[in-house]
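Below is one structure, written out as structure tokens; the observations come after it.
The values are calculated or read from the model by the stated rules, or taken from the named source; none is laboratory data. Computed from a predicted structure; not experimentally measured. Backbone-built Cβ (ideal geometry, glycine too); neighbour counts: all protein chains shown.
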Amino acid sequence: MKVQNVKIKMKNDNLKFKIFLTIFLGFWIAHATNAAELKLKKTVELINIGDTFDVSLVLNTENESINAMEASLKYSDNLELQNISDGNSIINLWISKPKLEDSKNSIFLSGLVPGGIKTSEGVVLNLIFKSLNSGQGNIQIENAKVFLNDSEASDAKVKISNLNLEIQKNPSVASQGQKLVLDFLPPDEFKIYLSKDRNVFDNSLFLSFNAQDKGSGINRYEVREKFLGIWGDWKIGESPYPLSDKLSLSIIEVKAVDNVGRERETLFVPFRLYLLYGGLVILLIIFLIIKIIKRIKT
């Protein structure tokens, strides 16, 4: 009788374990397949004709570490894009900086977060729109890809939350024109890196850099290569930037300009230039020593 009771108890324990395992695996699989969520959020409830309003693209990594993403945003014809700002973005390095594509009403963006990030509401991008006509409007996320911070940069399953709008017929007087963006500080300090890769620019030297601006966002970069530190002109550029000086004997200056015109400049001096000028100084010192010794002898 006791043996039979023990067997029944073991069967019940096994059944409980199987149920627990099934629930656990179901939860784990559900969690793994919902690795990230991209959603659009607006800051106002009611929108009238002529209103300007903010929309944010937000990433929820669902407790996964994410290190790269790309997406396209498309908006309806009754909306007009006023401004794009990446001033407080979680993206540290833009592969393709957010901008309007050639096709109408479409914004493409692609960027990296070196080292990965875990966030429940990380702002990727801030947009300012103006409503043109009443009726239904929408902003949609298309072709979104999010990559895990692992050795294979695995694709994460992406859940999308688009934004539907109801624009009222009441014209808004207070919101006419572009929305004022307040920005009293220049872009943050940033670094310049000199690199060479066989898959980039035919194995030629190139620069990589990325500046952040918490106010209005970065508008453009300007680069100047001063050969031997003497002459060179400013040119509009983006990271990665191919160097025209293949000998790496130029002082490199990169200027980040935000959307209200404030600037931050960073300087980079290649090691070869240090060696060149250091060698010239040493030769000059040796020359002076020889001259002094000859004068003493005479």
Checking ASN92 against (1) under 10 Å from the mean Cα position of the chain (by Cα); (2) buried (at least 16 other Cβ atoms within 10 Å of the Cβ); (3) touching a residue at least 40 places away in the same chain (Cβ under 8 Å): exactly one of these is not met. Which one? (2)
Say whether the condition of being touching a residue at least 12 places away in the same chain (Cβ under 8 Å), assigned to a strand (DSSP E or B) and surrounded by fewer than 16 Cβ atoms within 10 Å (Cβ to Cβ) is met by at least one residue in the stretch 127-136. yes
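Listed here are the residues, each with its yes/no results for (1) of a type outside the set (Gly, Ala, Ser); (2) over 19 Å from LYS159 (Cβ atoms); (3) assigned by TED's automatic domain parsing to the domain that holds SER239.
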position: THR61; (1), (2), (3): yes, no, no
position: ASN67; (1), (2), (3): yes, no, no
position: GLN82; (1), (2), (3): yes, yes, no
position: ILE90; (1), (2), (3): yes, no, no
position: LYS99; (1), (2), (3): yes, yes, no
position: GLY111; (1), (2), (3): no, yes, no
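Give SER244, SER239, SER248 a once-over and let me know the one that is in contact with a helix residue (DSSP H, G or I) (Cβ under 8 Å, 6 or more places away or on another chain) and modelled with pLDDT under 90.
Numbers: SER244 fails: in contact with a helix residue (DSSP H, G or I) (Cβ under 8 Å, 6 or more places away or on another chain); SER239 fails: in contact with a helix residue (DSSP H, G or I) (Cβ under 8 Å, 6 or more places away or on another chain).
None of the other options fit; the residue is SER248.
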Got a sec? Which strands (runs of 3 or more DSSP E) wholly within the stretch 211-298 have at least 3 residues that are aromatic (Phe, Trp, Tyr), in contact (Cβ under 8 Å) with a residue 24 or more places away in the chain and surrounded by fewer than 17 Cβ atoms within 10 Å (Cβ to Cβ)? none
Is it the case that LYS157 is touching a Ser or Thr at 6+ places or on another chain (Cβ under 8 Å) and crowded, with 16+ Cβ neighbours inside 10 Å? no
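Looking only at the stretch 73-82, how many residues end up being under 16 Å from the mean Cα position of the chain (by Cα) and over 13 Å from ILE139 (Cα atoms)? Give the steps one after another, and end with the answer.
As a first pass, look at the stretch 73-82 and keep what is under 16 Å from the mean Cα position of the chain (by Cα): 73.
Now restrict to residues that are over 13 Å from ILE139 (Cα atoms): none.
Residues flagged as under 16 Å from the mean Cα position of the chain (by Cα) and over 13 Å from ILE139 (Cα atoms) within the stretch 73-82 amount to 0.
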Surrounded by fewer than 16 Cβ atoms within 10 Å (Cβ to Cβ) and under 30 Å from GLU189 (Cβ atoms): is that true of SER85 in this structure? no
